Amino acid sequence: MRTRGAILLANIITGLVLGFTVANIGYGDYAELNRMFTFQSMRMFYSFAGAVVIIVCAFAVLRVPRTPGRIHAGVVPGAVLFGTGWAISGGCPAIPITQVAGGYLPALVTIAGITVGIRLCRWTNARYFHLDRGSCGL
Amino acid sequence: MTTYWPWWAGAAGLALATINYTLISDRSFGVSSAWDRVLHWRSERRLERMEEEFTDEQALTEALAAATAEHFGTAAGTSTVPPVPSGQPRPLGTETEPAASGRPAATSLRPAPLVTQAALLVSIFLGGFIAAVTSGRFHLRYDMGPGFKNLVTADPITMTALLFVGGVLVGFGTRLAGGCNSGHGLNGCGRLRPVSIVATAVFFSTAVAVSFLLWKVI
């Protein structure tokens, strides 16, 4: 069990590195993102895939336990909605933050949309879906 | 003309962010999860206070289950605390399987404190700002750049509507799927979790299909 300070430090360092890296890769640039999604440039895709390969190897060396995850009913429809929204707005939950930080003020609208979507999901899930969706970040 | 990092530098940066988090905190991170918790800070704070009140693990687990059932509308009496939630924090190098003891250790279910999740979002902003300034890309603007203008629309109203609708889909979709690029894509795929591999494959392929359909075909 890590201390509160260690967890805070982890979040700050990771946030800084993630924001810095995402912005420098070009995920906030709609043209670059579209070039990845339409296979005109594989640079950003390789960045992501390369990161996954490094993480898999590092976790294997560090013996980080593999956690099972139940494929619940919300995974596929949720991922479809997310993929659609990502292609339309050019933002995943982290990207619009770096877009605003880079001066793209309309990305505030994307953030507002994400806010509404997240609150809507929790509300509809409580009322209708009753899914135990798990959480990627604990 | 600005240049972005080569793919290997980007891969190293993303991997560094993920591995660093796991090494320091014994947890995995997710940006959509951080958003979710920060946006629902009242209920999250209530859960945190409840956690602090209980020292007995069984009592804590039951109280969390009851509170979650109340909040999510899950049927009373059913366990809403998953035995092994995705991204579950566990000590590094420990092969102990909580399920083997009949129930998970309550301490292993505790999420990162709420304030640290807010710190993650603020730090992403600062990291992005530093990158924009140091690379010379920082420029205050009221559009989404030439890419969006050429590929999607130059009309400010249509742009605003598309960004909002896209944002709603991203927010709703990531929480319904239980994660986004960071949670499922980096942390989950890094741990070879089947649910994360499925989610990542689906959202990437959907984004590809939608990009081709919207901006190439239609």
A:Val116-A:Met42 pseudo-label distance in nm [points 7 Å out on the Cα-to-Cβ vector]: 3.9
Mean Cβ count within 10 Å, highest first, over the residues of peptides B:26-37, A:97-108: B:26-37, A:97-108
Dipole moment magnitude, nearest 20 debye, the stretch B:141-217 about Cα centre, only Lys, Arg, Asp, Glu C-beta charged: 240
Evaluated over the stretch B:141-217, the Cα radius of gyration and Dmax, each in Å: 14.9, 43
Kyte-Doolittle mean at least 1.6, axial Cα span of 30 Å or more - DSSP H helices of chain A: A:4-25
Rg in Å to one decimal, and Dmax rounded to a whole Å, for chain A via C-alpha atoms: 17.0, 46
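Coordinate-derived values only; no laboratory data. Keep in mind the model is a prediction, meaning the values are calculated, not measured. Ideal geometry is used to build each Cβ from the backbone, glycine not excepted, and the neighbour counts take in all protein chains shown.
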